[in-house]
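Asks: The structure's right below; bear with me while I get my questions together.
Throughout, read-outs are computed from the coordinates displayed, never taken from laboratory work. Predicted model only: the values in this text are computed from it and were never measured. Positions of Cβ are generated from backbone atoms using ideal geometry, with glycine treated the same way; all protein chains shown enter the neighbour counts.
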Ligand code: 6PG
């Protein structure tokens with residue numbers, strides 16, 4: 001794994017860098033494998049990246065969009081991560097609808113929905129990756145409690161390692177989330193983190209020892225890929241001397 005921590009004055013240069021890395025990953029993946037796969041994040045921080053991507057002229061037919069996690073609400077709900085990305089980006093470009101794989105949230109039982117998404121991933125990736133799918137790029141945010149995707153502190157989802165998708169829980173509300181092992185198969189993972197309320201979590205995540213069940217983002221260590229933490233100065237204060 002190669003680890004990079006980059007700290008930016010504010011959100012704007014952070015997003016410029018995220019765009020540069022995303023465009024580089026798109027170009028490399030399409031050149032090497034003929035397609036680009038990405039898992040998107042929710043939260044506020046990635047939205048301007050999606051808005052930037054909407055302005056690019058890209059080979060949309062070769063770009064395949066998945067999600068790292070989802071609130072268990074319809075896509076029309078303002079809480080929906082897929083709904084946010086659709087408005088900010090995907091509805092603005094000529095990407096074929098069959099290239100977009102939102103997490104399903106219609107089944108009465110979220111466990112069933114998690115299984116359905118796992119099957120969709122398997123059907124899409126299986127010819128290239130008989131064991132675990134490898135996303136070219138995974139975007140992740142960080143919660144002030146140390147969660148990422150919908151891997152919340154002290155929840156059962158953190159332990160799941162025999163499936164690609166599981167049910168997470170935020171304050172008793174179900175979420176769908178990719179599991180730690182599939183996230184760690186990614187070729188590149190990009191954390192986008194802003195705000196001073198993330199300092200404590202970042203301190204714990206980068207500490208030599210701390211409890212990963214309390215700070216789940218510590219579990220994100222790509223097995224054979226690149227990990228970028230893009231931080232603004234407010235979030236990155238504890239890591240300003242990190243090398
Ligand atoms: C959630 C949030 C969460 C979010 C992080 C970072 O579903 O609980 O969306 O997962 O990604 O809290 O959010 P910001 O990018 O808005 O700081």
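Asks: Of all residues being under 16 Å from residue 175 (Cα atoms) and under 20 Å from the mean Cα position of the chain (by Cα) in segment 112-141, which is nearest to the ligand (Cβ to nearest atom)? Just the residue, please.
Replies: Residue satisfying both the conditions and the ranking: 141.
Asks: Could I ask something else about it? Give the residues of segment 110-138 that are part of a loop (DSSP other than H, G, I, E, B) and either touching a strand residue (DSSP E or B) at 6+ places or on another chain (Cβ under 9 Å) or closer than 20 Å to residue 149 by Cα (or both), sorted by residue number. It would help to see each step written out before you state the result.
Replies: Keep residues of segment 110-138 that are part of a loop (DSSP other than H, G, I, E, B), which gives 126-136.
Passing the criteria: 132, 133, 134, 135, 136.
Asks: Give the residue, chosen from 153, 108, 78, 102, that is surrounded by fewer than 16 Cβ atoms within 10 Å (Cβ to Cβ) and within 16 Å of the ligand (Cβ to nearest atom).
Replies: On the way: 153 fails: surrounded by fewer than 16 Cβ atoms within 10 Å (Cβ to Cβ); 108 fails: within 16 Å of the ligand (Cβ to nearest atom); 102 fails: surrounded by fewer than 16 Cβ atoms within 10 Å (Cβ to Cβ).
None of the other options fit; the residue is 78.
Asks: Between a first residue in segment 185-207 that is without any contact (Cβ under 8 Å) to a residue 12 or more places away in the chain and a second residue that is surrounded by 15 or more Cβ atoms within 10 Å (Cβ to Cβ), which pairs have beta carbons less than 9 Å apart while being 6 or more apart in sequence or on different chains?
Replies: 207/215; 207/218
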